[in-house]
Amino acid sequence: METIDELTEFLATATADGILGRLLYRGAAWSLMREEGVLPPNAPPLGATIETDLAEHGFALLRGAMALRAQAGASELTSKAFERAANAFEALVRNSDPEAPDRGFRRMIAAPMPSAWSAGQGGHHWSATSLPPSCLPVRSRTAVSHSPRSCVLLPCRRLSYHCMHRSPASSRPCDG
């Protein structure tokens with residue numbers, strides 16, 4: 001078992017700006033340049049293993065933040081780690097291959113609101129209904145911007161999808 005000090009040190013290092021050769025910045029650029037998972041021929045070299053690096057970094061941050069929050073409670077550091085993990089997964093799904101088998105899973109990981117994680121929504125927040133969809137940030141709405149048929153969704157996430165994508169002029173409120 002990891003101690004609070006070990007987890008704190010790990011997360012402080014892993015969330016530092018510019019970590020791993022500015023991985024999250026490179027990931028954001030990589031995701032913006034691709035179209036359906038393919039980079040244009042003139043794209044700058046962003047790292048041959050960028051997809052693997054982003055996934056490993058995202059999962060490491062997620063695991064570390066959940067472990068620290070379980071032992072010491074929510075903090076600015078756990079919120080920062082959850083946010084950086086979401087950034088990594090957002091880079092993995094934006095403009096990704098629509099046929100990728102893990103796309104739906106990664107989209108749900110990219111969607112959480114960091115404050116919801118730190119408020120105790122936990123690792124299975126996407127199956128909880130305690131937060132109305134209107135509380136979700138833009139990241140959540142863009143992470144599930146495609147049709148709900150593009151990935152397998154639990155019934156409560158399907159409801160969240162429809163609530164997030166309802167017409168702004170709609171007079172019917174959506175409670176989630």
Inset, instruction - Find the residue count for segment 1-11, including only residues that are exposed (fewer than 14 other Cβ atoms within 10 Å of the Cβ) and either in contact with a Leu (Cβ under 6 Å, 6 or more places away or on another chain) or at pLDDT 95 or above (or both). - result: 5
Legend entry - Residue check for ASP5: in a helix (DSSP H, G or I), free of Cβ contacts under 8 Å to residues at least 40 places away in the same chain and under 23 Å from ALA67 (Cβ atoms): yes
Inset, instruction - Pull up segment 104-122, narrow it to residues that are part of a loop (DSSP other than H, G, I, E, B) and within 12 Å of the chain's Cα centre (by Cα), then point me to the one that is modelled with the lowest pLDDT. - result: MET113
Legend entry - From the options LEU24, LEU54, LEU39, LEU20, residue that is among the hydrophobic types (A, V, I, L, M, F, W, C), within 16 Å of ALA85 (Cβ to Cβ) and more than 17 Å from the chain's Cα centre (by Cα): LEU20
Legend entry - Lone unmet requirement of (1) at pLDDT 95 or above; (2) in contact with a Pro (Cβ under 8 Å, 6 or more places away or on another chain) for ARG26: (2)
Legend entry - Residues of segment 84-103 classified as assigned to a helix (DSSP H, G or I) and surrounded by fewer than 20 Cβ atoms within 10 Å (Cβ to Cβ), total: 1
Inset, instruction - Could you list all residues from segment 12-25 that are surrounded by fewer than 11 Cβ atoms within 10 Å (Cβ to Cβ) and among the polar types (S, T, N, Q)? - result: THR13
Inset, instruction - Please work out if ALA16 is out of contact with any strand residue (DSSP E or B) (no Cβ under 8 Å at 6 or more places or on another chain), within 26 Å of THR78 (Cβ to Cβ), without any contact (Cβ under 8 Å) to a residue 12 or more places away in the chain and assigned to a loop (DSSP other than H, G, I, E, B). - result: yes
Inset, instruction - Among residues belonging to segment 26-55 that are among the aliphatic types (A, V, I, L, M) and part of a helix (DSSP H, G or I), point out the one that is surrounded by the fewest Cβ atoms within 10 Å (Cβ to Cβ). - result: LEU32
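The values are calculated or read from the model by the stated rules, or taken from the named source; none is laboratory data. Since the model is a prediction, treat every value here as computed from it, not as a measurement. Methodologically, a virtual Cβ is constructed for each residue, glycine included, from the backbone with ideal geometry; neighbour enumeration extends over all protein chains shown.
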